[in-house]
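Accompanying notes for the structure given below.
The values are calculated or read from the model by the stated rules, or taken from the named source; none is laboratory data. Because the structure is predicted, anything quoted here is derived from the model rather than measured. Cβ: placed from backbone, ideal geometry, glycine included. Neighbour counts: every protein chain shown. Protein only, heavy atoms only, side chains kept; ligands, DNA and RNA dropped before computing areas. Shrake-Rupley method; radii C 1.70, N 1.55, O 1.52, S 1.80 Å.
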Protein chains: 2
Amino acid sequence: MAVTMNDVAKAAGVSLKTVSNVLNNYEFIRPATRQRVEDAIAELGYEANLTARSLRSGKTSMLGLVLSDLSAPYYAELASKLMDAATKHGYRVLVEQSAAEGAAELNALQGPFRQLTDGLLFTPLSISADAIAERAGTKPLVMLGEHIMDPRFDLVTMKNEEAAAALTSHLLAGGRRRIAVIGATPEESTGTAGLRLNGYRTALKNAGIPFDPALVAPAEWRRDTGAAAVAGLLEAGVEFDAVFGLNDVLALGALHELLIRGVRVPQDVAVAGFDDVDEARFASPSLTTVSPGMDEIAERSMALLLDRIAGRETADAGVHVKAEFQLKIRESAP
Amino acid sequence: MAVTMNDVAKAAGVSLKTVSNVLNNYEFIRPATRQRVEDAIAELGYEANLTARSLRSGKTSMLGLVLSDLSAPYYAELASKLMDAATKHGYRVLVEQSAAEGAAELNALQGPFRQLTDGLLFTPLSISADAIAERAGTKPLVMLGEHIMDPRFDLVTMKNEEAAAALTSHLLAGGRRRIAVIGATPEESTGTAGLRLNGYRTALKNAGIPFDPALVAPAEWRRDTGAAAVAGLLEAGVEFDAVFGLNDVLALGALHELLIRGVRVPQDVAVAGFDDVDEARFASPSLTTVSPGMDEIAERSMALLLDRIAGRETADAGVHVKAEFQLKIRESAP
DNA sequence: CTGAAAGCGCTTACAG
DNA sequence: CTGAAAGCGCTTACAG
């Protein structure tokens with residue numbers, strides 16, 4: 001059997017409570033007592049049983065991270081940063097992939113997954129704010145992304161509209177007039193895709209250019225679907241001189257498809273994305289995109305969640321944070 | 001307070017043990033009793049407390065996954081598949097990033113992380129087999145990768161030597177004679193890099209071509225380091241007509257560097273990688289690489305770990321599994 | 001097939 | 001500053 005607190009207490013000649021006090025850094029312990037306990041711990045190689053601690057205290061020292069797909073570069077990079085941040089604060093991260101499915105999202109919100117974690121970083125994609133509110137429970141919950149922007153919930157996100165507008169304006173300043181958008185439906189206006197499309201429309205409007213729904217191609221946010229979407233536009237005979245992929249993998253898929261069809265980038269068609277994943281810098285041509293402030297998003301969301309858990313943040317209404325973005329002008333749309 | 005088993009037992013008019021029997025699918029329960037218990041569970045909305053279960057049973061229903069960096073595409077894709085597999089079997093996955101540092105690896109092996117999981121999928125990169133054996137404890141441990149290939153441990157890996165040899169032979173068959181290798185030191189012969197380099201040397205030997213250490217450039221396995229390594233070779237005046245990046249991100253970084261320097265791929269220099277991450281297919285030119293059988297690796301390693309946990313696999317010596325590979329011939333080295 | 005009791009290893013009021 | 005006791009919510013032998 002493993003060494004228990006009881007063994008430590010006996011070896012140090014103190015009570016259980018005193019050992020617990022030492023472990024939990026209780027302030028008022030006689031230095032000599034503390035020393036004796038610490039010696040006993042070292043000698044016996046005692047390690048606290050986290051499960052027992054958790055059962056009694058109700059805290060698990062684990063955080064939940066729910067996102068659609070860990071193999072998507074944006075999420076992979078974000079998860080990596082969040083885990084590093086959590087480790088720094090003594091927490092571990094339990095990841096759940098929802099595949100953007102409502103059932104999986106609900107499950108993560110209420111099921112055993114929730115029970116095992118002290119707080120949740122949640123990227124909802126399918127379920128509604130009301131469904132979340134109904135099941136939110138009492139443990140802290142911080143939203144990532146923009147499917148839900150509701151005053152009831154804490155939210156850390158990015159400046160989607162502003163950034164998309166800035167990127168579109170850059171394309172317009174480069175003389176592009178028919179900018180295809182990949183990854184949204186023409187009438188979308190909420191959620192990540194909708195907000196980025198709004199930004200695109202705002203920039204067009206400011207430039208006095210009418211919005212043409214024919215230029216907007218829906219697609220799931222992957223490379224293969226980005227490629228297929230641009231192929232669809234070309235085959236439908238839609239004319240365009242730029243492609244705005246609503247995220248980088250869409251743009252990279254589109255870029256690939258254009259090049260194998262002999263379309264020159266950026267001479268014939270400029271291409272731009274959104275996310276600034278590492279891959280974007282090393283594409284050929286390198287990809288113009290938006291850096292959405294991922295470091296800031298990771299740090300702020302982790303800090304907010306930990307503040308809620310510790311009771312340092314007590315605002316009744318949700319706290320909303322938007323990270324700063326940066327345009328990354330590269331070869332694909334100089 | 002949450003609903004407990006006691007509440008269910010009272011509501012159903014049975015003992016605690018009977019409720020436990022129903023929850024754990026004990027075979028010999030009178031159907032009527034089972035029904036009453038299930039009704040009570042449904043009515044009260046009872047959910048088992050996993051922490052309590054875990055304290056008593058010693059099982060956590062969590063699996064640990066230790067890898068160096070979740071933002072690396074190969075690991076991101078592997079982790080994603082492993083999580084899906086774990087979910088299918090009722091397990092959750094706790095991920096730990098080691099940054100390939102020995103201290104972090106030791107920590108994952110013994111610390112609280114280990115305590116919280118029923119078994120570990122471990123990609124050691126720094127620590128020795130002996131160090132692992134010393135700290136392996138009694139819980140199941142399956143190695144991923146090839147830093148440790150020791151009969152004491154279960155291991156699921158890929159055919160590094162064979163695959164690297166096959167890829168090199170393909171480059172040779174295409175008329176390439178000076179194939180630079182990025183991501184290893186010339187004398188390396190163990191670990192993932194060493195094995196792949198061995199395969200390269202075997203293929204050269206079979207073709208009667210001498211091994212030139214000047215063609216081998218060390219680099220950490222990232223895009224930026226791949227680019228820097230190829231830049232280093234060019235600036236040192238080393239002549240080569242092909243580049244074998246020991247993984248895809250190295251190859252993609254190298255590809256990018258070659259193209260911005262005006263080297264034509266594949267006309268002047270062929271480029272090949274290893275891993276077949278999704279990105280490889282969509283690079284321009286698309287990347288010739290090895291598909292190492294990631295699906296098989298994910299499935300087999302998960303199955304082996306679960307078999308060890310359940311006691312279905314009882315071999316004293318480590319079970320070693322090697323997945324089948326496939327060459328993916330694409331534009332960068334046709 | 002089912003029950004009563006013990007106990008997993010901690011933390012938490014409560015005393016003193 | 002420290003101790004003795006209770007209890008978090010389960011599962012596990014042990015009986016019957």
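Tabulated data for the structure shown
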| read-out | value |
| --- | --- |
| Breaking point among (1) under 20 Å from the mean Cα position of the chain (by Cα); (2) within 16 Å of DNA strand D (Cβ to nearest atom); (3) surrounded by fewer than 18 Cβ atoms within 10 Å (Cβ to Cβ), for A:Gly13 | (1) |
| Wholly enclosed strands (runs of 3 or more DSSP E) of the range B:95-200 bearing at least 1 residues in contact with a helix residue (DSSP H, G or I) (Cβ under 9 Å, 6 or more places away or on another chain), in the same structural domain as B:Leu67 (by TED's automatic domain parsing) and in contact (Cβ under 8 Å) with a residue 60 or more places away in the chain | B:119-122, B:141-144, B:154-158 |
| Long-range neighbours under 7 Å by Cβ, at least six apart or interchain, first residue over 19 Å from B:Gly58 (Cα atoms) and in a loop (DSSP other than H, G, I, E, B) within the range A:1-15, second open to solvent by less than 50 Å² (accessible area, probe 1.4 Å) and not polar (S, T, N, Q) | A:Val14/A:Val37; A:Ser15/A:Ala9 |
| Set B:Asn21, B:Asn25: member being open to solvent by 10 Å² or more (accessible area, probe 1.4 Å), at positive phi and more than 9 Å from chain A (Cβ to nearest Cβ) | B:Asn25 |
| Residue count for the range A:39-60, restricted to those that are away from chain B (no Cβ under 12 Å) and surrounded by 15 or more Cβ atoms within 10 Å (Cβ to Cβ) | 4 |
| Which listed residue is without any contact (Cβ under 8 Å) to a residue 12 or more places away in the chain and within 26 Å of A:Ala76 (Cα to Cα), from B:Phe282, B:Phe274 | B:Phe282 |
| Test: B:Ala12 is within 9 Å of another protein chain (Cβ to nearest Cβ), over 28 Å from A:Leu50 (Cα atoms) and of a type in the set (A, V, I, L, M) | no |
| Residue within the range B:197-220 that is within 18 Å of the chain's Cα centre (by Cα), among the β-branched types (Val, Ile, Thr) and either surrounded by 16 or more Cβ atoms within 10 Å (Cβ to Cβ) or more than 28 Å from B:Gly293 (Cβ to Cβ) (or both) present | no |
| Residue match in the range A:222-230 (condition: more than 14 Å from every other protein chain (Cβ to nearest Cβ) and over 21 Å from A:Gly318 (Cβ atoms)) | no |
| Test for A:Arg53: is it out of contact with any His (no Cβ under 9 Å at 6 or more places or on another chain) and within 16 Å of DNA strand C (Cβ to nearest atom) | yes |
| Members of the range B:292-311 found to be open to solvent by less than 20 Å² (accessible area, probe 1.4 Å) and assigned to a loop (DSSP other than H, G, I, E, B), listed by number | B:Pro292, B:Gly293 |
| Filter result for B:Gly111 (within 10 Å of another protein chain (Cβ to nearest Cβ), among the small types (Gly, Ala, Ser) and surrounded by fewer than 18 Cβ atoms within 10 Å (Cβ to Cβ)) | yes |
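So that you can scan it fast, the table gives a plain yes or no per residue for (1) at pLDDT 85 or above; (2) closer than 28 Å to A:Thr138 by Cα; (3) within 12 Å of DNA strand C (Cβ to nearest atom):
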residue	(1), (2), (3)
B:Ala2	no, yes, no
B:Met5	yes, yes, yes
B:Val8	yes, yes, yes
B:Ser15	no, no, yes
B:Leu23	no, yes, no
B:Ile29	no, no, yes
B:Asp39	yes, yes, no
B:Ala42	yes, yes, no
B:Gly45	yes, yes, no
